[in-house]
1. Note down the accessible area of VAL26, probe 1.4 Å, to the nearest 10 Å².
2. Net charge near GLN109: determine it from the other residues with C-beta under 9 Å of the C-beta of GLN109, scoring Lys and Arg +1 and Asp and Glu -1.
3. For LYS115 and SER75, FRET efficiency with R0 = 22 Å and r from the beta-carbon atoms, rounded to 0.05?
4. Order these peptides, 82-93, 119-130, by their mean beta-carbon neighbour count within 10 angstrom, highest first.
5. Figure the gain on full extension for GLN48 and PHE131 (residue separation times 0.36 nm, minus the Cα-Cα span) and round it to one decimal in nm.
6. Using a 1.4 Å probe and counting only protein heavy atoms, arrange ILE105, ILE49 so the residue with the most accessible area comes first.
7. Taking 35 Å as R0, compute the FRET efficiency from the Cβ-Cβ separation of SER40 and ASP94 and round it to 0.05.
Amino acid sequence: MLKVISVVFFILCLSGCATCSKNTDVQIKNLQAELGQAKSELQQKDEQIKILEKELNYSKTNPVSTGEVGNIKLSVKQIQEGLKNAGYYDGPIDGKIGKDTRRAIRGFQEANGLKVDGIVGSQTALKLKEFLK
C-alpha cells in the first residue's frame, strides 16, 4: 500500500511540474510577444524623432519672418489667423511656426501668385492682412 501511495504521489508531483512548465512556457511566450511589441513601438518613435530632427534643421535654415506692411508688423499668431481665415491653416493659433504653418504659408503664396518661399514678406503680409478681422 505504501508503494502504491508513493507511486501515486510521484505521478502527481510529475504532473504538477509539467503544469508549472506549461505555465512558464506560456508566460515566456507572452513576454516575448510584449518585447516584440515594445521593439516595434521603439522603432516607430525613432522614426518620428528622425522626422522631427529634419524639420528642426529645416526650420533653422529656412526661417519664417514676420511680415511687415509699411509700419504694420504681423505676429506669428496674426499670420496663423489670416491663414486660417483664408482656409489654408487648421491648426492652433499658438504663435509657433511648425510644419503645418509653413505648409499653409507656401499654399497661400502659391494660390495668390506670390513667391513661394515660406517667408511672410511684405507682399505675403499685405495679402494676409486682407484676411484678418
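The values are calculated or read from the model by the stated rules, or taken from the named source; none is laboratory data. In this text the structure is predicted, and so the values were computed from the model without any measurement. So basically every Cβ, Gly included, is an ideal-geometry build from the backbone, and we count neighbours across all protein chains shown. For accessibility, only protein heavy atoms count, side chains too; no ligands or nucleic acids. Shrake-Rupley method; radii C 1.70, N 1.55, O 1.52, S 1.80 Å.
1. Approximately 80 Å² of VAL26 is accessible to the 1.4 Å probe.
2. On the way: positive: ARG106, LYS115, LYS127; negative: GLU110, ASP117.
It works out to a net charge of +1.
3. Once rounded, the FRET efficiency stands at 0.55.
4. Details: 82-93: 17.2, 119-130: 18.7.
Result, highest mean first: 119-130, 82-93.
5. Values: separation 83, 0.36 × 83 = 29.88 nm, distance 3.40 nm.
Extending this stretch completely gives an extra 26.5 nm.
6. Working: ILE105 0, ILE49 85 Å².
Descending order: ILE49, ILE105.
7. Values: r = 32 Å, r/R0 = 0.91.
Efficiency computed from Cβ-Cβ geometry: 0.65.
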